[in-house]
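Input: a single structure, listed below in C-alpha cells.
Every number in this text was worked out from the coordinates using simple rules, so none of it is lab data. Values in this document were obtained by computation on a predicted structure and should not be read as measured data. Note that we place each Cβ from the backbone using ideal geometry, even for glycine, and neighbour counts take in every protein chain shown.
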C-alpha cells in the first residue's frame, strides 16, 4: 500500500507538497478522512501525462522557451517505474504490501539536452552547440507513509548517480533529494521537494567554460577552467487534481513550478553572469490519465 500511494496519487512527476495555506488550515481542523480500497492500491497501473512547459533556453539562461512535456509512471507485478524530466527509473525492490517503510533501489537512464538546441542568446549560440548526452546510473532511497497529516502522506529521501556514457561531458551528476506529499482528498494532491545537483569538472568545462576562441566568437570573457562541485539547489512545488473524482484512476490535471539557483563557477561563468542568470525557473501544466 505504501509505495502505491506515493507513486500513483500524483499524475506523473515527483511526490507532493503541503502549501502554506494548507498547513495553517490543518491547525484548526482535522485532516480529511480518505477511504481507500487496498485492492485498488495493489493493482497494476500506469499513468501517462502530457502538456506544455517553460524552461531556460540553456542551463544558466535568462531567456525561456516553451516545449512539450510528457511523463509516465506505473506498477507492474509489484515493481514501480517512473520518469522525472528526461530520466526514467525502475525500482527493483518489489512492493511490501504490509509495510509503511519503502526501500527504493534501481537503475536510472536519461538524456541531457543542455545546449543541444533552442539557444536564444546569440553570444552563447556563437560558442557552439553540444551533442545529446546519454546518462546511465542508479538510485537508492527510503520513504515513510503516514508521517504528518494522515495515514497516506509520504516523506522520502533519495540519492541518484548518473554518468555520461557517450563522451559528451564524460562526467557524473549526483542528485540528493527530499520529498513530501499528501492527498487533500480523493481529488486533490499537493507536494514539495528540495534537491541539490553535484557534478564533476568535465561537466562544468563542457557547459560553462569559455575558451579563447569562444571568447573571440561570442564577445564573452575567457572562463577557461570552471570547477565542478555543487551546481545548484532546487525547490519544486506540485499540484494535482482529478477531474474523474479519483486520483487513483481516470483523468487528472497537473501543474509543476520549480526554482533553481546556480552556485560557484556555474553562477560565475560569463554564460550565466553576463549572458544569463543564476536564477532558473521551470514550469509545466498538463493533463494525465491513470489506467
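In percent, what relative contact order does region 2-290 have, based on Cα pairs under 8 Å that are 6 or more apart in sequence? Kindly include the intermediate steps, with their values, before the conclusion.
Numbers: 794 pairs, mean separation 61.5, N = 289.
Relative contact order comes out at 21 percent.
Alpha carbon centre of region 243-262 versus region 71-85: separation in Å?
About 15 Å separates the Cα centre of region 243-262 from the one of region 71-85.
For the chain, compute Rg over Rh where Rg is the Cα radius of gyration and Rh is the Kirkwood radius from the inverse mean 1/r over Cα pairs.
Details: Rg = 20.2 Å, Rh = 20.0 Å.
Ratio value, two decimals: 1.01.
Give me the one-decimal nm value for the distance between modelled label points at residue 101 and residue 253, 7 Å along each residue's Cα-to-Cβ direction.
Here the answer is 4.1 nm between the modelled labels.
When you have a sec, figure out the Kirkwood radius of region 133-178 from all distinct Cα pair distances and drop it here in Å to one decimal?
Values: mean 1/r = 0.0815 Å⁻¹.
This gives a value of 12.3 Å.
Return the equivalent ellipsoid semi-axes of region 166-291 as a descending list in whole Å, where each equals the square root of 5 times an eigenvalue of the C-alpha gyration tensor. Could the numbers behind the result be given before it?
On the way: eigenvalues 300, 42, 34 Å².
The three semi-axes for region 166-291 are 39, 14, 13 Å.
Which one, 92, 71, 122, has the greatest fluctuation when you compute a Gaussian network model over the chain with C-alpha springs under 10 angstrom?
With Cα springs under 10 Å in the chain, the top fluctuation among 92, 71, 122 is at 122.
Say R0 is 45 Å: what FRET efficiency, to the nearest 0.05, do residue 166 and residue 144 get from their beta-carbon distance?
With a Förster radius of 45 Å, E is 0.75.
Apply the Debye scattering formula to region 124-208, with a single equal point scatterer on each alpha-carbon and no solvent, then give log10 I(q)/I(0) at q = 0.14, 0.18, 0.21, 0.26 Å⁻¹.
-0.65, -0.81, -0.94, -1.20
Suppose each label sits 7 Å from its Cα in the direction of the beta carbon; what would the residue 94-residue 233 distance come out to in nanometres?
So the two model labels end up 4.2 nm from each other.
Can you tell me the FRET efficiency between residue 213 and residue 132 if r is taken as the Cβ-Cβ distance and R0 is 22 Å, rounded to the nearest 0.05? Provide the component values of the computation, followed by the final result.
Details: r = 23 Å, r/R0 = 1.05.
Result of the calculation: an efficiency of 0.45.
At 222 nm, what value in deg cm²/dmol follows for the chain if DSSP H runs of at least 4 each add -39500 (n - 2.57) and the sum is divided by all its residues, to the nearest 500? Spell out each step's value before the answer.
Numbers: 8 runs with 47 residues, N = 291.
After summing the helix terms and dividing by the residues of the chain, the value is -3500 deg cm²/dmol.
Can you give the FRET efficiency to the nearest 0.05 for residue 285 and residue 117, using r as the Cβ-Cβ distance and R₀ = 22 Å?
Details: r = 23 Å, r/R0 = 1.04.
With R0 = 22 Å, the Cβ-Cβ based efficiency is 0.45.
Tell me the label-point distance for the pair residue 54, residue 225, using the 7 Å Cα-to-Cβ offset, in nm and rounded to one decimal.
Taking the simple label geometry, residue 54 and residue 225 are separated by 4.0 nm.
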